[in-house]
Structure formats: structure tokens, C-alpha cells
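Visitor: Below is one structure. I have some questions about it.
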Ligand SMILES: [Fe+2]
């Protein structure tokens, strides 16, 4: 253990502050002292963040007259959240998701920009091993669900087609599971990586995704049960699009008609991302897209509008300045 090398306990080497603090004999002085000590942080952003966090934490404890038992419960809950995490299970991200923190951080960091496709939460099911798929090919193996064809163009906010944009896409099968949730997974399924062609077009075969529950077998699941919230996400198709010079877009399309659209457990749905799936019952159209003879399919047709990086940075900077001004007022 640290400090045991020479048999004597040692501090972290930082001397007492040069200023005097009053003894913390009352709640107000405890808060004031803790805030005063944040001035020692050399990194100004770190100082700003920790100070704000402490202001809100102390305010919460004061305003709720938090009991000792409640605080202990909270500590034990967070301990269990940490203990549930493994290499392939991230309970803290799940917690951040159900508290709306992931969606809020995403909303602030990817502000809507003039006509650009809006972002949505990444979720825990993206993997690095999606196979490259040619335009017109399928990301799902046969039998994984009802047929769906996904197509559109990748464009800049000024309407210019973007060629060779990389589109990572992943979804559930008809049972509501991602491939990674199967213990028997041997290779990726219901996920792939396509590229837009010279005119910005992309298209691939997929399956109609279905609504699914986020993992309910951990402390986050218990939390939702305890506060009367369901743990469902409406059906959706994930996409992550990258092209040089443009803001990386992590988003998802949410087919309309799902009963969980307005109460998504992780707050990922935005109105502009709700799509109507077109029913296509035309044999020739099905054959053209590579579906077997006699099949019908759903068509998800949407363009993806990427925001130039410069335009995105500018919007973020303006919003951050306005937020800081608001906080100071
Ligand atoms: Fe998902």
C-alpha cells in the first residue's frame, strides 16, 4: 500500500493551503470551506467543473435534508453499479443513459445545425468488428427478421453529395436482441459498414428492428423498477457516419408507430429522427433490391445531412458562451 515502503504513512505531498479556513462547525461553513479549497486546482476547467458539482451536491443534500440511511443507500447503489461492470457490460453508461445524462451531454455537444441530421445516443451495442458491406448487400443473415431496405444519400448542409462516407449501422433482430447478446455469437450479424458512392448514395438490406428492454438484471434495472419506470427502447436502426471535414454523426432512425417512442428509457428519440417505413409489395422492386422472389419489404428512405466541422465548432462555442453568461447572471 502507498506509504508503506519505509514503514511510515506519508501524505500526497501537497502542503496545507496558504489561506486560513474556519473550523467547519456549521453546514454553511462546511460548504464554504469545500468550495474555497477548489481554488487550489491549477487547471481552470477542472476547478470550474468541480466547484459547480459541489455547489449542486451540497444544495441537493441541504434541500432534501438527506438522511444518513439514504446517503448510505446511494453509496451502496453506486458501489453495485461499479461491481456490475465488466469488459462487455457497462452499468455506469446505462445509469448515465436512464438518468438522461448521456442524451443531455450529446445534445450540448452536437447542437442542431441548419438542416443537419440530428444526433441520437450511441447506446452500448456498437462493436468494432462490423463487416464491410457493398451497396445493395445485406447486413443481416437470412431469418433474422422481416425484410427492410435502407437507402438514402449522404449530403452536406449545402446539398453537396458526400462520396465515400463511412456508415456504420447496427440493429436488433426480430427477437429484440443484438448479436452481442447471444452467448453463441461467432460472427457479427445485423451490423455492417457501408460507404456512400460517388453521388453520395448508399443502400443495404436489413431487417425491421423491434423494441427491446435495456438490461434489467443489474442495479440500474432495480432503480427503474423502484421508481416505476419501464426499461424499453422503441425500435430503431443505429447509424454512425464519418466523412473527412464533417462532424461525426451518431444517430438512429426510429420507425413511427412504436408505443415507446415518447418514453424511450434512454431519451434518444428526437422528432426529426422518427421515420415512416414504406410498405413495398412490388415484386420487381423486391427483386431489384436482392430480396427473394415473392417477398415484400419495408423501405426506410432518408438522406443523411452532415454538418461541416467548422460550422459545428462555431455553434458549440456560441452555445457554451451563452450558457456561461446565463450561469454568471
Ligand atoms: Fe439500440
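The values are calculated or read from the model by the stated rules, or taken from the named source; none is laboratory data. For clarity, every value in this text was computed on a predicted model and none was experimentally measured. Here the Cβ is made from the backbone with ideal geometry for all residues, glycine too, and neighbour counts use every protein chain on show.
Visitor: If you scan segment 302-314, which residues turn out to be assigned to a strand (DSSP E or B) and within 16 Å of residue 204 (Cβ to Cβ)?
Guide: 304
Visitor: On the given criteria, is residue 173 more than 16 Å from the ligand (Cβ to nearest atom), in contact with a strand residue (DSSP E or B) (Cβ under 8 Å, 6 or more places away or on another chain), at pLDDT 95 or above and in a loop (DSSP other than H, G, I, E, B)?
Guide: no
Visitor: Further question on the same structure: How many residues, within segment 191-210, are within 29 Å of residue 91 (Cβ to Cβ) and either surrounded by fewer than 18 Cβ atoms within 10 Å (Cβ to Cβ) or more than 16 Å from the ligand (Cβ to nearest atom) (or both)?
Guide: 1
Visitor: Now for a different question. Output yes when any residue across segment 72-80 is part of a helix (DSSP H, G or I) and in contact (Cβ under 8 Å) with a residue 40 or more places away in the chain, and no when none is.
Guide: Taking every residue of segment 72-80 in turn, at least one turns out to be part of a helix (DSSP H, G or I) and in contact (Cβ under 8 Å) with a residue 40 or more places away in the chain.
Visitor: I'd like to check something: does segment 158-170 contain any residue that is more than 30 Å from residue 322 (Cβ to Cβ), touching a residue at least 24 places away in the same chain (Cβ under 8 Å), in a loop (DSSP other than H, G, I, E, B) and within 22 Å of the chain's Cα centre (by Cα)?
Guide: yes
Visitor: Quick check on residue 132: is it assigned by TED's automatic domain parsing to the domain that holds residue 237 and under 19 Å from residue 239 (Cβ atoms)?
Guide: yes
Visitor: Restricted to segment 233-271, and to residues that are more than 17 Å from the chain's Cα centre (by Cα) and in contact (Cβ under 8 Å) with a residue 12 or more places away in the chain, which residue is nearest to residue 95 (Cα to Cα)?
Guide: 260
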